[in-house]
Amino acid sequence: MYKIHPRTLFVGKNVRYFPSCYSTNDLAAEIIQQKEAFEGAFIITDNQLAGRGQRGNHWEAHPGMNITLSVLLKPSFLQANKQFDLNVAVSLAIYDLLSLQSVDKLTIKWPNDIYVGDKKMGGILIENTLSGNYIAWSIIGVGLNVNQLDFENLNATSLRIERKGKEQDNQNLIEKLAEYVEKRFLELKAGKADSQKKTYVESLFRFEEWHTYKVNGKTFAGQIIDVSPTGRLIVKTLKTVKSYDFKEISYII
């Protein structure tokens, strides 16, 4: 059981803990449907049996070793075509949290994976419910590798690995996560989307570096230079500048 006491107004004040569950995002959706949801609530588990990532990927996490949770927010001030602004705010909140832990080579891999060097430490899956042209509820799934030391995916790392094997306090990290999520969410509500996006873009993995990418089976050299208002990745090549949806472009490591 997690008894967290974040210094927040509403995020993390209501916590529902499940020792094991299929998916915290699915549980959060059920809670909303049952009209039992509180804004800022955390749905936390130690053992997520079918955690999902972007593209429907499976999220690998050993039971009790990492942070697997969902946050419920009501960004009713955001129009549906501004959904990516929330992605930016939440990505920055996790980036803030890990920056506090003095993690080196920390970046955000577009659209919302957390990388240390060339390895993934965390990911976010946001699922929105709309009411007309605005967002009614957002379910923000967060997976963060904390104390796990070995991964089937060699492209993964954890906070403990990066901190030279020192065991980390999950409960304290969840408290701090609540504080940073609320801070960035309230900034967004106060109209600071443009400044958040600037920080986000400058924090991107491979920002303004020349690397190899793949589109439609063809590889090319490109440079990430920006992200569009709707979240498309803007890449410059030697000949042109194009924007890509998440499923259109692949990174070549």
Across (1) touching a strand residue (DSSP E or B) at 6+ places or on another chain (Cβ under 6 Å); (2) over 22 Å from Asn155 (Cβ atoms); (3) in contact (Cβ under 8 Å) with a residue 40 or more places away in the chain, Ser228 clears everything bar (3)
Of (1) touching a strand residue (DSSP E or B) at 6+ places or on another chain (Cβ under 9 Å); (2) modelled with pLDDT of 95 or more; (3) closer than 18 Å to Asn112 by Cβ, Glu187 satisfies every one except (1)
Scanning the stretch 168-218 for residues that are surrounded by fewer than 18 Cβ atoms within 10 Å (Cβ to Cβ) and of a type in the set (A, V, I, L, M), the one nearest to Asp46 (Cα to Cα) turns out to be Leu186
Apart from one, (1) surrounded by fewer than 18 Cβ atoms within 10 Å (Cβ to Cβ); (2) touching a helix residue (DSSP H, G or I) at 6+ places or on another chain (Cβ under 6 Å) all hold for Ile139; the odd one out is (1)
Scanning the stretch 197-242 residue by residue, those out of contact with any Gly (no Cβ under 7 Å at 6 or more places or on another chain) and polar (S, T, N, Q) turn out to be Thr199, Ser203, Thr212, Asn216, Thr219, Gln223, Ser228, Thr230, Thr240
In the stretch 100-128, anything farther than 23 Å from Gln223 by Cα, surrounded by fewer than 19 Cβ atoms within 10 Å (Cβ to Cβ) and of a type in the set (Gly, Ala, Ser) is listed as Ser102
Say whether the condition of being without any contact (Cβ under 8 Å) to a residue 40 or more places away in the chain, surrounded by 14 or more Cβ atoms within 10 Å (Cβ to Cβ) and within 16 Å of Val90 (Cβ to Cβ) is met by at least one residue in the stretch 5-24. no
If we take the stretch 177-248, then strands (runs of 3 or more DSSP E) inside it with 2 or more residues that are closer than 26 Å to Leu100 by Cα and not assigned by TED's automatic domain parsing to the domain that holds Ser91 are 218-227
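The values are calculated or read from the model by the stated rules, or taken from the named source; none is laboratory data. Not measured: the values here are computed from a predicted model. Glycine also receives a Cβ, built like all others from the backbone with ideal geometry; neighbour counts cover every protein chain displayed.
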